[in-house]
Every structure is written in structure tokens, then in C-alpha cells.
Amino acid sequence: MTQISIQRRRTGFDIAWGILLIIGGLIVLGDVVIATVVTVLFLGWMALITGIVGVVASLFKIGKGGGFWSTLLTGALVGVLGLMILRHPEIGAGVITLMAGMVFLVAGIVRLIAGVQPVPGRWMLVVSGIAGIVLGLIVLFNPVQATFTLLGVLLGINLLVDGVTLILWGRVHVDVTSNPAG
């Protein structure tokens, strides 16, 4: 029989990380267009570097029992994705905006479900979940308008809400223990 125990705890790390998230949110809200462009270019460069490392890593797999082609193709595709983002950052921003909208929506749904549990202080998870759902729906229903400005605004707001939630609520820790039936 398996027992699952869910514990909520807030540590000093959670408070420090929450404060950093709030500071990051304020910085992003300071200039949302620049924050969006920097994010898109950063992701493009990371994809390009990851692709190059993948292609080089595939060369070390030649004659060593497989994995060469999958590593080579994955590295090449990620590298091409990085080049495409760097050459057309506005399209990359649009794709990242849609992905961010999905992340906001899914994270909001998860927080809302977690906030339904009958524990004290659950109101913050419910508020954070509703905020995430609303932010996700705004992005997904307005992708053209959301490409540069709205993405930065939503990212800044989401960082602020996540920081406050982490400071007030902490993280969830799940313990799974197996007891042999006997």
C-alpha cells in the first residue's frame, strides 16, 4: 500500500527566492519591450549553443553503440531553431508568447486545484491560480497584440505574483512511502 503525504513548508530559501522574483518582476515591468527582446535573444543564443554542443557530442558517439543519429539530428534541429530565433526575433517572440500563455494557463489551473484543498491559507493559491488563468487566457486570445509589450507585462506580473505566493505560502513537498501489504 502506498501512502502519499502532502506537506507545505516555507523555508528561508523560499523567502529569498520570492524576494528575487519580486525584484525581477519590477525590473521586467520597468521596460517590458526591452525585457521581451532580451529574453527572445537569450533563448535564441541558448538554443544555438545547445545545438552546437549536441552536434559535437554526437561525434563522440560514433562507433560506441548507437545514439549518433538521434543526437546529431536533435542538436542540428535545436541549432537551426536558435538561428531562426536570432534571425527573426519578432517571430520568436510570437512563439514564445504563445508558449508563455500556455504555461500561465496550466500553472494557474494547477494552483487553483491545489488551493481547493481544505488547509489554512489556501486563499493565496486560489488568487495566484486565478491570476495565472486570466493571464494565460489574455495571451492565448490576443496573440498578435501580445507579441512584445503584453508578454513583458504578463511576465512581470507573473513574477510578482509568484514571488508573493512563495513568500506567503512556501513550496509543496510530497512524500510517497510504500508499505508492503501484509
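Results, tabulated for the structure shown:
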quantity: Kyte-Doolittle at least 0.0, axis length at least 30 Å by Cα - qualifying DSSP helices, the chain; calculated: 32-59, 89-115
quantity: Alpha carbon convex hull of segment 1-71, volume per residue in cubic angstrom; calculated: 210 Å³
quantity: Kirkwood hydrodynamic radius over Cα pairs of segment 53-153, then Stokes diffusion coefficient at 25 °C and 0.890 mPa s, in µm²/s; calculated: 151 µm²/s
quantity: Alpha-carbon Rg with Dmax, taken over the chain, Å; calculated: 20.6, 63
quantity: Solvent-accessible area, 1.4 Å probe, carbon plus sulfur percent, for segment 96-182; calculated: 77 percent
quantity: Theoretical ellipticity at 222 nm over the chain - DSSP helices of four or more residues, -39500 (n - 2.57) apiece, nearest 500; calculated: -25500 deg cm²/dmol
quantity: Percent breakdown of C-alpha pair distances by 10 Å bin, ordered from the shortest bin, for segment 75-124; calculated: 23, 28, 21, 16, 12, 0
quantity: By average C-beta atoms within 10 angstrom, highest first, the peptides 90-102, 46-58; calculated: 90-102, 46-58
quantity: Distant alpha-carbon pairs in segment 93-146 (separation over 13 angstrom), percent; calculated: 55 percent
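The values are calculated or read from the model by the stated rules, or taken from the named source; none is laboratory data. Because the structure is predicted, anything quoted here is derived from the model rather than measured. All Cβ positions, even for glycine, are placed from backbone atoms using ideal geometry, and neighbour counts span all protein chains on display. In case anyone asks, the SASA skips ligands and DNA or RNA and just uses the protein heavy atoms, side chains included. Shrake-Rupley method; radii C 1.70, N 1.55, O 1.52, S 1.80 Å.
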